[in-house]
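The structure under discussion is supplied below as structure tokens; questions concerning it will follow.
The values are calculated or read from the model by the stated rules, or taken from the named source; none is laboratory data. For clarity, every value in this text was computed on a predicted model and none was experimentally measured. Glycine also receives a Cβ, built like all others from the backbone with ideal geometry; neighbour counts cover every protein chain displayed. Accessible surface is based on the protein model in full, side chains and every heavy atom, while ligands, DNA and RNA are left aside. Shrake-Rupley method; radii C 1.70, N 1.55, O 1.52, S 1.80 Å.
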Amino acid sequence: MGKYGGMRRSYLKEYRKILYNNYVLEGTLFKHLAEIDQACNKRMEIIVPSMICLIKCPLSAVWLITGINFTYAVR
């Protein structure tokens with residue numbers, strides 16, 4: 001079980017006890033946690049490079065927020 005699967009398991013155990021117990025009784029808990037971990041890892045592969053790009057080029061962050069294209073405004 002990966003990092004995100006472990007976080008999901010803790011969440012289910014603490015806040016969604018009935019759902020957690022259903023997964024355990026049905027024998028599908030680890031399958032569910034693996035799917036969650038895989039989905040989170042895919043999302044992180046997309047989000048992290050975008051965040052790095054925004055840090056390296058702050059004007060792109062302004063463009064994303066406001067929709068203003070600064071390449072034309074600077075010319």
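Are there helices (runs of 4 or more DSSP H) fully within the chain with at least 3 residues that are open to solvent by 100 Å² or more (accessible area, probe 1.4 Å) and at pLDDT 90 or above? List them.
Numbers: elements: 3-15, 17-26, 29-56, 58-66, 70-74.
Correct list: 3-15, 17-26, 29-56.
Continuing with this model, one more query. Within the set of pairs 6+ apart or on separate chains, which have a first residue in the range 17-39 that is within 19 Å of Lys3 (Cβ to Cβ), a second that is among the hydroxyl-bearing types (Ser, Thr, Tyr) and modelled with pLDDT of 95 or more, and C-beta atoms under 6 Å apart?
Partner pairs satisfying both residue conditions: Leu29/Tyr23; His32/Tyr23.
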